[in-house]
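Heads up: the structure comes next, in structure tokens.
The values are calculated or read from the model by the stated rules, or taken from the named source; none is laboratory data. For clarity, every value in this text was computed on a predicted model and none was experimentally measured. Backbone-built Cβ (ideal geometry, glycine too); neighbour counts: all protein chains shown. Just the protein is used for accessible areas: all its heavy atoms, side chains included, with ligands, DNA and RNA removed. Shrake-Rupley method; radii C 1.70, N 1.55, O 1.52, S 1.80 Å.
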Amino acid sequence: MSNHAWLLLGLYLVILLALVRPVGSYMADVMEGRGFAVRLGGRFESLLYRLSGIRQDEEMSWLKYALAILFFNVLGVIAVYALQRLQIWLPLNPQAMAAVTPDSSFNTGISFATNTNWQGYSGESTMSYLTQMLGLAVQNFFSAATGIVVVIALIRGFARHTAKTIGNAWVDLTRITLYVLLPISFVYAIFLVSQGAIQNFDAYKDVTTIEVTKYDNPKNGPDGQPLKDEKGNPVTEPAETQMQTLPMGPVASQEAIKMLGTNGGGFFNANSAHPYENPTPLSNFVQMLSIFLIPGALCLTFGKMVGDRRQGWAVLAAMTLMFAVMAFTAMHYEAQGNPVLSQFGIDPSAGNMEGKETRFGIADSGLFATITTLASCGAVNGMHDSFMPMGGFVPLWNMMLGEVVFGGVGSGLYGMLVFAVMAVFIAGLMIGRTPEYIGKKIEAYDMKMVSIAILVTPILVLALTAVAVMSADGIAGVANPGAHGFSEILYAFTSAANNNGSAFAGLSANTPFYNVMTAIGMWFGRFGVIVPVLALAGALAAKKRITASAGTMPTHGPLFVVLLIGTVVLVGALNYVPALALGPVIEHLTLFAH
Amino acid sequence: MSHKTLAMFDPVLVKPAIVDSFKKLNPVVQWRNPVMFVVFVGSILTTALWVQALAGQGEAPAGFILAVALWLWFTVLFANFAEALAEGRSKAQAASLRSLKKETWAKKLKGPHATAEWITVPATELRKGDLVLVHANETIPADGEVIEGVASVDESAITGESAPVIRESGGDFSAVTGGTRVLSDWIVVRVTVNPGETFVDRMIAMVESAKRQKTPNEIALTILLVALTIVFLVVTVTLLPYSMFSVDVAKAGTPVTITTLIALLVCLIPTTIAGLLSAIGVAGMSRMMQANVIATSGRAVEAAGDVDVLLLDKTGTITLGNRQASGFLPADGVREADLASAAQLASLADETPEGRSIMVLAKQKFNLRERDIQSLEAQFIHFSAQTRMSGVDVHGKQIRKGAADAIRKHVEDLGGSMPMSVLGIVEDVARRGSTPLVVSEGTKVLGVVELKDIVKGGIKERFAELRRMGIRTIMITGDNRLTAAAIAAEAGVDDFLAEATPEAKLALIRQHQSEGRLVAMTGDGTNDAPALAQADVAVAMNTGTQAAKEAGNMVDLDSNPTKLIEVVETGKQMLMTRGSLTTFSIANDVAKYFAIIPAAFVTTYPQLEALNIMHLASPASAILSAVIFNALIIMFLIPLALKGVRYRPLGAAVLLRKNLLVYGLGGLVAPFIGIKIIDLLIAGVGLA
């Protein structure tokens, strides 16, 4: 790893850890209805509740809370679906984008409601500005808010005792959006504009380039699928052009919440590799920071709300350690040259520049890839498909950990807390007591919910991948031959079911088959976890709180951090090792066989 | 109860256990343990595949499939054996209990006194409320309460304690247990239970049904194990299409065989802990029986491991039941030796331990020899509840000893008075936590004998140990605060409740519970019953009243109040054994992946040989070695499951680090070594 890479990683960690504490503390205040922001906005907030007929002080049981969340998100799916299907008749569509196909609209609706932001379409050639702003950007806020309020409800489960309720979903959603997501996004968007991100409603601009661009144009068959020769390689024809169309749009405002809410759905197909989305190395650095900001800060929100800050720091420490190792791995392997290219006399010391933006280079792309896949963000500033096998293994493995290392906003922490409960359950037995975490005894019902929450995603990933490799429609989308083709399918479903949304590319996923299959993965990967997590919250809130003694297993020390990391890694490994062996591991062994 | 402890693999136990292992192959029995049921189905499937291979349509060589099938059957049988062995031990205990239930005859009385007419009836026909007369050398026919008479009773059949105990009507020593034998005198017993509900019946039911009722924690663990099994089922089932796809794209090799997939599945699912889980539970109950504690449910034993607060009676638990004289404190103008001499005289006929200790002290300090009682021509005044003093009239002198207010009344009645200085001494002594005994001669108060509570040897260390376990100890005493504080400090308890009334005890327990603590206590008297019922873990003394026994959830047959500590340790052991074996079981999977994954796909991707870090001889031997290891490890761990992981009072963090190292890291490393050794053996013999 280069000095630049070390410096980058070090600086990133220092700034991140300095920021999470105040933000975490602020979020705890907001969610408990305290602090200056709530006082300032209280009037406006009350007005909103009066207008929508919500009783602010009415608390909900876990089931009511879960139903409210589900209802809210189903509405979101319908809204996004309708906007896409009707965009041709709606305003703010200077390029006259046609109605999106039903299966793609359905997939995108689910994708943005579940905070996955898997994109089978490419934004600049599919979506009107209205759809982008009112559909996708709004869902970026709401899906992020959903994740956060669910973890807040779970934290309340730990913090409360002998309580029947876990909060009011509508109030929680309003507060987190009003006092946290909106203000930060506002400032953040202005910063992005200052760096060169665009924000307009103009029609696309055609410009003549100085250089003549020569490229290989992939040929599509009559069914819209890429054509392949007998070896399975895509068929291309040479082409050249001096004309470029520059897409326009309200980019900065959507970009801010895309990163802050770990959504990751780019305005453009190139996502954060596009200069209008991510113009400078500084904006790139801030984008990386903003991905981890809320997931990291929530750990400390957790510590503050349960009344023991050390608990929050311990969880954060486990996440940070795992992140550092994965970041190192990705940056290290990308800094190695591709041995196949080296044979042709290409200097391997430059590392693997294939699929990377020259503005960012290897270290910034490797780090970005690690962050975006750990955090279930899914924004990309380079093509993961072109990473070295082990470099590409990192994003895949990161997602397989279950998006709990920082993870999505809210979803990362609730996932991690579920793992913590599981770790405590097994280890707690080893010290001869009924296991307890944050003063709550872990009993049969809790273990049932924890098991469901941990099982849902791997089962979805493995089963959907199996269906895909068995069906003609599934295999048809694979662009690359051999084990890499398997990796592409595995990556797609891992990304969908873990609500990451990043793509390995190479897979033609905008087909009815993949649109429906990934939508299933995304929806159940999201709410198949949220519902048991809320049930767990309800069960925990109803329990008595046990005072800690010398016989209680401490869950704030280094030992617990190691235990938590071990549990997350072991569960991830046991679930996915066979599948990984047939994908990236084989690719790596093949590439470096000699 | 028999105290003969059988060796772990005593042939007496092993032979029926082997038979039982086969009997347990019944699918209905297997279904109770979902994880082992999966292995059971896997065994049937591989056997079917073997038959298919014999018919010439096998997916792999018939010999290989047979070997896998056989070892899968062994896995099921080994788990059955572990359970059967544990059950066998309990059954042996139950059998020795049942022998107590030999046919006895009872003298059923027609009226509520010993002189009433009686008829002989079989013990099994006695109902609650019946009155029976029991003479010397007769067996008490049922559990009950003495309402008339005093007798010495041999309870060794229940407690293992050979010294006879006294049972008399009224008070805390009135309860008798069916099956025990009256040694001398006679008693009238009111039967308190109906047939089939007697204490011995409950014990037998408990021991025999130990395997049927899962404890709350066992249920939670089973859920986790089933969840793991489901996920591994999906992992292995999806491998078939993955493998077919890989064969397609790589255009090499053959898809993975069903036999290999079943082998992989069985290796991955937590068979080690699942196979031993019920054995651990049964063994835990068995250990309680060996400690002579009868728990009414496994739940209670488990709860014992979680106890945060221990309420202990001072007398008998923390201090020896008896106080001992520790000093003579004379009044002004009285020589200490004179006080000692008077005190010794007054205690000559006093057979109580306190009286004895005065004699001993007088002899030690002033070499006052015991005087011959006959030659003194003395008249002894025995202690009575009315006068609350005892003493001797000798040579016209009235020597008395007793509580301060009793002596004061006595001397004032004779026209004397209690000197202020003596009152001061009395107060000092009480403040030190001792009991003052005032001695007078005629109207003259000679001084005070200090009777000290003697804290049991080793008890302080025991409390320190409990503190390290994270358990607070609270001493309960009827003494005043001063006395209580002094003894509490000496014994090293964390807190005390002085001037304890039943209400105060109950309030204390409730307060701790509301603060989220689990409370354990021991008790014997009827007035302990409300507190026993409120406590989370309540151990009643077997010598205690029926009310106390019914309120508690455990009965200590030895009536040893410090037994609570052992109960807590047994509870912890049960949980620790489960946790340790679960960790071990899951950690094992890493090595099994390294053995099976390369072997399963090496025909498609020869590069995967790089993952064969154990350098196992061939794909077949790799798979077989993993399966054999998986089966044998159950056998290896049976002794650990039955004995339990040793509990050391080290504090949670240290204990966790230690066990994580042994069972986590050990579980990671051990199978690498085990599988390699088995592979070497297989390759050496040339089987695969």
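Just to confirm a number: summing +1 for Lys and Arg and -1 for Asp and Glu over residues other than residue A:480 whose beta-carbon lies under 12 angstrom from that of residue A:480, what do you get? Intermediate values should be presented prior to the final figure.
Numbers: positive: A:228, A:231; negative: A:385, A:488, A:587.
So the surrounding residues net to -1.
At most 14 other Cβ atoms within 10 Å and a DSSP loop assignment: could you name the chymotrypsin sites (Phe, Trp or Tyr not before Pro) in the range A:297-391 that fit?
On the way: sites: A:302, A:313, A:323, A:328, A:333, A:344, A:360, A:368, A:387; in loops: A:344, A:360, A:387.
Loop-located and lightly packed - A:344.
Could you state how much accessible area residue B:23 has, in square angstrom rounded to the nearest 10, with a 1.4 Å probe and all protein chains kept in place?
Using a 1.4 Å probe on the heavy atoms, I get roughly 140 Å².
Counting other Cβ atoms within 10 Å, keep those with at most 16, restrict to DSSP loop, and tell me which trypsin sites (Lys or Arg not before Pro) in the range A:494-594 are left. Show your work: numbers first, answer last.
Working: sites: A:526, A:543, A:544, A:545; in loops: A:543, A:544, A:545.
Hits after loop and neighbour filter: A:544.
Near residue A:64, which aspartates and glutamates are there with a Cα under 16 Å away, not counting those fewer than 8 places off in the same chain?
Partners found: A:172.
Would you mind telling me the share, in percent, of accessible area of chain B contributed by carbon and sulfur at probe 1.4 angstrom?
59
Given the rule -39500 (n - 2.57) for each run of at least 4 DSSP H residues, summed and divided by the residues of chain A, what is its mean residue ellipticity at 222 nm, to the nearest 500 deg cm²/dmol? Kindly include the intermediate steps, with their values, before the conclusion.
Numbers: 20 runs with 346 residues, N = 594.
It lands at -19500 deg cm²/dmol.
Between B:129, A:176, A:510, whose Cα lies farthest towards the positive end of the dipole of the protein assembly as shown when Lys and Arg beta carbons carry +1 and Asp and Glu beta carbons carry -1, centred on the Cα centre?
Of the options given, the answer is B:129.
Of A:464, A:69, A:377, which is farthest towards the positive pole of chain A's charge dipole, taken about the Cα centre with +1 and -1 on the beta-carbons of Lys, Arg and Asp, Glu respectively?
Of the candidates, A:69 comes out farthest on the positive side.
Between the range A:516-589 and the range B:389-420, how many Å separate their Cα centres?
One Cα centre to the other: 78 Å.
With every protein chain present, what is the per residue accessible area of the protein assembly as shown (1.4 Å probe, Å²)? Walk me through the numbers before you get to the answer.
On the way: 48550 Å² over 1282 residues.
Value returned for the protein assembly as shown: 38 Å² of accessible area per residue.
Under the rule a/c < 1.5 gives rounded, and otherwise a/b versus b/c splits prolate from oblate, where does the range A:1-155 land using the Cα gyration tensor? Each step should come with its number before you reach the end.
Working: a/c = 2.04, a/b = 1.14, b/c = 1.79.
Here the range A:1-155 falls in the oblate category.
With the crude spin-label approximation of a point 7 Å out along Cα→Cβ, what separation in nm comes out for residue B:388 versus residue A:214?
11.7
Along the positive direction of the dipole of chain B (beta-carbon charges: Lys, Arg +1; Asp, Glu -1; about the Cα centre), which of B:368, B:153, B:663 reaches farthest?
B:663
How far, in degrees from 0 to 90, does helix B:404-413 lean away from the longest principal axis of the Cα atoms of chain B, to the nearest 10?
Taking the Cα atoms of chain B, the angle to B:404-413 is about 20 degrees.
Three principal axis extents, largest first, for the C-alpha atoms of the range A:213-313, in Å?
Projected onto the principal axes, the Cα atoms of the range A:213-313 cover 64, 33, 22 Å.
Can you give the angle from 0 to 90° between the axis of helix B:619-643 and the longest principal axis of chain B, with both taken from C-alpha atoms, to the nearest 10?
The answer is roughly 10 degrees.
Considering protein heavy atoms only and a 1.4 Å probe radius, which residues within the range B:574-589 exhibit an accessible-area decrease of no less than 40 Å² in the full assembly relative to the chain by itself?
Residues losing area: B:575, B:586.
Quick check: pseudo-label points 7 Å beyond the Cα along Cα→Cβ at residue A:36 and residue B:320, how many nm apart are they?
Reported label-point gap for residue A:36 and residue B:320 is 7.2 nm.
According to the Cα gyration tensor, what semi-axes, each the square root of 5 times an eigenvalue, does the equivalent ellipsoid of chain B have, listed from largest to smallest in whole Å? Could you put the intermediate results ahead of the total?
On the way: eigenvalues 924, 175, 71 Å².
Ellipsoid semi-axes (Å, largest first): 68, 30, 19.
In the calculated pair distance distribution of the protein assembly as shown, what percentage of Cα-Cα distances lie above 46 Å? Walk me through the numbers on the way to the answer.
On the way: 409809 of 821121 pairs.
When every Cα pair of the protein assembly as shown is considered, 50 percent fall beyond 46 Å.
Could you sort the residues of the range A:476-504 by number and keep only those whose accessible area is reduced by 10 Å² or more in the all-protein-chain setting relative to the chain alone, 1.4 Å probe?
Going by heavy-atom accessible area, the residues of the range A:476-504 that drop by at least 10 Å² are A:482, A:483, A:486.
How large is the charge dipole for the range A:205-246, taken about the Cα centre, if only the Cβ atoms of Lys, Arg (+1) and Asp, Glu (-1) carry charge, to the nearest 20 debye?
80
Tell me the chymotrypsin sites (Phe, Trp or Tyr not before Pro) within the range A:180-229 that lie in a loop according to DSSP and have at most 14 other beta-carbon atoms within 10 Å.
On the way: sites: A:186, A:188, A:191, A:201, A:204, A:215; in loops: A:201, A:204.
Here the sparse-neighbourhood loop sites are A:201, A:204.
Could you list the square roots of 5 times each eigenvalue of the Cα gyration tensor of the range A:1-83, that is, the equivalent ellipsoid semi-axes, sorted largest first and rounded to whole Å? Display every interim value, and only then the final one.
On the way: eigenvalues 274, 96, 35 Å².
Equivalent ellipsoid semi-axes, largest first: 37, 22, 13 Å.
How much of the accessible area of chain A, in percent, comes from carbon and sulfur atoms when a 1.4 Å probe is used? Spell out each step's value before the answer.
Working: 13720 of 20890 Å².
Ligands and nucleic acids excluded, carbon and sulfur give 66 percent.
In degrees, nearest 10, range 0 to 90: what is the angle between the Cα axis of helix B:271-290 and the longest Cα principal axis of chain B?
Taking Cα atoms only, the helix is inclined about 20 degrees.
Ballpark to the nearest 100 Å², how much total accessible area do A and B bury together, probe 1.4 Å? Intermediate results must be reported in sequence, preceding the final value.
Values: alone 23380 and 30050 Å², together 48550 Å².
Approximately 4900 Å², summed over both chains.
Just to be sure I follow the definition: excluding the sites themselves, where is the longest run in chain A that has none of the GluC sites (Glu not before Pro) in a DSSP loop with at most 14 other Cβ atoms within 10 Å?
Details: sites that count: A:58, A:230, A:354.
No qualifying site falls inside A:355-594, the longest such stretch.
State the Cα centre-to-centre distance between the range B:252-325 and the range B:474-495 in whole Å.
34
Kirkwood hydrodynamic radius for the range A:205-246: how many Å is it when counted over pairs of different Cα atoms? Mind showing how you got there, number by number?
Values: mean 1/r = 0.0833 Å⁻¹.
So the Kirkwood estimate lands at 12.0 Å.
I need the fraction of alpha carbon pairs in chain A separated by more than 37 Å, rounded to a whole percent.
On the way: 52654 of 176121 pairs.
Here the long-distance tail beyond 37 Å is 30 percent of all Cα pairs in chain A.
What distance in nm separates the two pseudo spin-label positions at residue B:615 and residue B:503, each 7 Å out from Cα along the beta-carbon direction?
Once both label points are built, they end up 8.1 nm from each other.
Answer rounded, prolate or oblate for the range A:229-273, using the Cα gyration tensor with square roots of eigenvalues a ≥ b ≥ c: rounded when a/c is under 1.5, else prolate when a/b is larger than b/c, else oblate.
Here the range A:229-273 falls in the oblate category.
If you place +1 on the Cβ of every Lys and Arg, -1 on the Cβ of every Asp and Glu, and leave all else neutral, what size is the dipole of the protein assembly as shown about its Cα centre, to the nearest 20 Debye?
Around 1280 debye, computed over the protein assembly as shown.
Summing -39500 (n - 2.57) over the DSSP H runs of n ≥ 4 in chain B and dividing by its residue number, what mean residue ellipticity at 222 nm do you reach, to the nearest 500 deg cm²/dmol?
Numbers: 24 runs with 352 residues, N = 688.
Rounded to the nearest 500, it is -16500 deg cm²/dmol.
Which shape class applies to the range A:440-594: rounded if a/c is under 1.5, otherwise prolate when a/b exceeds b/c and oblate if not, where a ≥ b ≥ c are the square roots of the Cα gyration tensor eigenvalues? Present the calculation step by step, with values, prior to reporting the outcome.
Numbers: a/c = 3.61, a/b = 1.78, b/c = 2.02.
Oblate.
Any chance you could check the range B:288-331 for residues losing 20 Å² or more of accessible area when the partner protein chains are in, compared with the chain on its own (1.4 Å probe)?
B:306, B:308
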